[in-house]
Structure formats: structure tokens, C-alpha cells
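The values are calculated or read from the model by the stated rules, or taken from the named source; none is laboratory data. Nothing here was measured: the structure is a model prediction, and the numbers come from that model. Quick reminder, even Gly has a Cβ in these numbers, built from the backbone with ideal geometry, and neighbours come from all protein chains shown. Ligands, DNA and RNA are excluded from the accessible area calculation, which covers all protein heavy atoms including side chains. Shrake-Rupley method; radii C 1.70, N 1.55, O 1.52, S 1.80 Å.
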Amino acid sequence: MNNPSIQHMVIFTLKHPKGSPEATAFLSDGRAALTSIPVVRNFQVFDQVSLKNDYDYGFSMIFDHQEDYNTYNDHPAHVQFVRERWETEVERFLEIDFTEKQA
């Protein structure tokens, strides 16, 4: 497999209380901003339910290959969302990027 797809995930906790109108707006605005980027596939927003993990939310998306992931990272909508919302409203996060392991 020369150029595998990438599953990009980030789990995070906001500075806003979980379930608050501000948190709901952040998640909704994140979905709108990031799904506006053409290379983003299968974007999902998650609420954390595990007692083994103390992050509150997650975003997940798929990129067809590394070039699409690079395009996403440099896209003005992503850069603006990170600068204006992520850096000011996210308390902490963990970013995870996977490619499928072939047998």
C-alpha cells in the first residue's frame, strides 16, 4: 500500500463546561468550518463516555492520502478555526493519526 488513507482524530476538553451552550457552539462551528474543506471525509463529532479517559469530546475525519492531510492542515478554514477558536477555547487535547495496518 503506497499511499494509505489517514484516520485523523483529536480528543479534547474545552474551557467551557461540558454540554454548555458555548461548548455546543464550538462543536457545531468546528463541524461547519472543517467540513467546508473539500478533502475532509467522514467528519464526526463525539462525546466521551469512557471512565478511563477524561477528555470530553472528539473530532474524527479521514483523508484519502498524505497530500490531502497536508492540504487540510494548510487550508485557510482550518488555520482560521485553530487560531480563532481552538487556541482560545480548548483547554487540552490529544491528536492521533492512524493508517490502517495491513496483514
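General observations
- 5 angstrom amide H check on H65, placed H, neighbours 5+ away: I6
- Residue order by solvent-accessible surface for E89, E22 is E22, E89, largest first, with ligands and nucleic acids left out and a 1.4 Å probe.
- Protein heavy-atom accessible surface, 1.4 Å probe, per residue over the chain: 62 Å².
- Dividing the summed helix terms, -39500 (n - 2.57) for each DSSP H run of n ≥ 4, by the number of residues in the chain produces a 222 nm estimate of -8500 deg cm²/dmol to the nearest 500.
- In degrees, nearest ten, helix 21-35 long axis to first principal axis of the chain (Cα): 20
- Charge tally around E91: other residues with Cβ under 14 Å, Lys/Arg +1 each, Asp/Glu -1 each, net -1.
- Dipole magnitude of the stretch 44-103, debye to nearest 20 (Cβ charges: Lys/Arg +1, Asp/Glu -1, about Cα centre): 140
- Listed residue (M61, T35, V45) projecting farthest to the positive dipole end of the chain, Cβ model: V45
- About its Cα centre, the dipole of the chain is roughly 200 debye, where the only charges are +1 on Lys and Arg Cβ and -1 on Asp and Glu Cβ.
- If you model the chain as an ellipsoid using its alpha carbon gyration tensor, with each semi-axis the square root of five times an eigenvalue, the axes come out at 24, 17, 10 Å, biggest first.
- Computed over the chain: relative contact order in percent, which uses C-alpha pairs under 8 Å that are six or more apart: 46
- Total formal charge among the other residues, if their Cβ is under 15 angstrom from that of Q7, Lys/Arg +1 and Asp/Glu -1: -3
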